[in-house]
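The values are calculated or read from the model by the stated rules, or taken from the named source; none is laboratory data. Remember, it's a predicted structure, so these values are computed and weren't measured experimentally. Here Cβ is always computed from backbone atoms with ideal geometry, including for glycine, and neighbour counts include all displayed protein chains. Remember, those area values only see protein heavy atoms, side chains included, never the ligands or the DNA or RNA. Shrake-Rupley method; radii C 1.70, N 1.55, O 1.52, S 1.80 Å.
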Amino acid sequence: MKVNDVIAGAPLHAPALADIEDPFLDPSLLNDAQITRIVVDVLAGTVGILLELRQTPHLRANTGLIRVTGVAQQNWICTTVANEFTAWSISGATVHSAPTEFQLTAQCLPTGMLRVVGTSAEFVLLDAGMLDAAPPDYRADSRQLIRFGIADENTDCDVVGVARSVRVDAL
């Protein structure tokens, strides 16, 4: 399966993540994850937030995706990062999840903030087997090495597990 298939809403045949891996229950699990892409599908009202997880030892995969559906708002605010090519490390996150509304706010370094509001979300742990054990060095590596050293929409991956903002057992 490709990352873009997950963003597009392909059926996921994966086990539910345990509560200790569910960032909708504990948003601090997203700390140190790096946002590498935000994909907005305006027609479908979906936002996919691609996460680099190789520096996040408490999550057991190298890539993650937060897929928000029924999107009513998506804001990315940051300082100008002239001539830099970097991921954005999450330094703090808040989640509000109710049966008909989902909100994610992520504070990022260097100085950025992401806010997404929709009707529901999924957090999908992905294993992109072709990635090296360590992420690229954003200060020393070439842009080409960085670009091909992280997952993108076309990366083949295996789904490790999924958490949903709206739990069937909670309704």
Out of the range 134-158, which residues are closer than 19 Å to Ser89 by Cα and touching a strand residue (DSSP E or B) at 6+ places or on another chain (Cβ under 6 Å)? Pro135, Ile150, Ala151
Residues of the range 53-89 satisfying the condition of being closer than 17 Å to Val39 by Cα and among the β-branched types (Val, Ile, Thr): Thr63, Ile66, Val68, Thr69, Val71, Ile77, Thr86
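Give the range 83-108 a look and list any residue that's part of a loop (DSSP other than H, G, I, E, B) and within 24 Å of Gly161 (Cβ to Cβ), or say none. It would help to see each step written out before you state the result.
Keep residues of the range 83-108 that are part of a loop (DSSP other than H, G, I, E, B), which gives 83-87, 99-100.
Listed by number, the residues that qualify are Ala87, Pro99.
Condition check ((1) surrounded by fewer than 19 Cβ atoms within 10 Å (Cβ to Cβ); (2) hydrophobic (A, V, I, L, M, F, W, C)) across all residues:
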| site | (1), (2) |
| --- | --- |
| Pro15 | yes, no |
| Ile20 | yes, yes |
| Leu25 | yes, yes |
| Ser28 | yes, no |
| Arg37 | yes, no |
| Val47 | no, yes |
Would you confirm whether or not the range 72-82 contains a residue that is of a type outside the set (Gly, Ala, Ser), touching a Pro at 6+ places or on another chain (Cβ under 9 Å), at pLDDT 90 or above and in a strand (DSSP E or B)? no
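When you go through Ala163, Ala93, Ala106, Ala151 one by one, which is the residue that is at pLDDT 90 or above, under 14 Å from Thr36 (Cα atoms) and in contact with a Pro (Cβ under 9 Å, 6 or more places away or on another chain)? Walk me through it before giving the result.
Details: Ala163 fails: under 14 Å from Thr36 (Cα atoms); Ala93 fails: under 14 Å from Thr36 (Cα atoms); Ala151 fails: in contact with a Pro (Cβ under 9 Å, 6 or more places away or on another chain).
Among Ala163, Ala93, Ala106, Ala151, only Ala106 is at pLDDT 90 or above, under 14 Å from Thr36 (Cα atoms) and in contact with a Pro (Cβ under 9 Å, 6 or more places away or on another chain).
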Determine whether the range 115-127 contains at least one residue that is assigned to a loop (DSSP other than H, G, I, E, B), of a type in the set (Phe, Trp, Tyr) and within 25 Å of Lys2 (Cα to Cα). no
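Can you tell me which residue within the range 34-71, out of those that are among the basic types (Lys, Arg) and not in a loop (DSSP other than H, G, I, E, B), is modelled with the highest pLDDT?
Pass one, the range 34-71, residues among the basic types (Lys, Arg): 37, 54, 60, 67.
Narrowing the set further to residues that are not in a loop (DSSP other than H, G, I, E, B) leaves 37, 67.
Working: Arg37: 94, Arg67: 98.
Filtering first and then ranking leaves Arg67.
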Looking only at the range 94-133, which residues are open to solvent by 50 Å² or more (accessible area, probe 1.4 Å), among the aliphatic types (A, V, I, L, M), under 26 Å from Asp19 (Cα atoms) and more than 17 Å from the chain's Cα centre (by Cα)? Ala133
The number of residues in the range 105-128 that are free of Cβ contacts under 8 Å to residues at least 60 places away in the same chain and in contact with a Lys or Arg (Cβ under 8 Å, 6 or more places away or on another chain) is 2
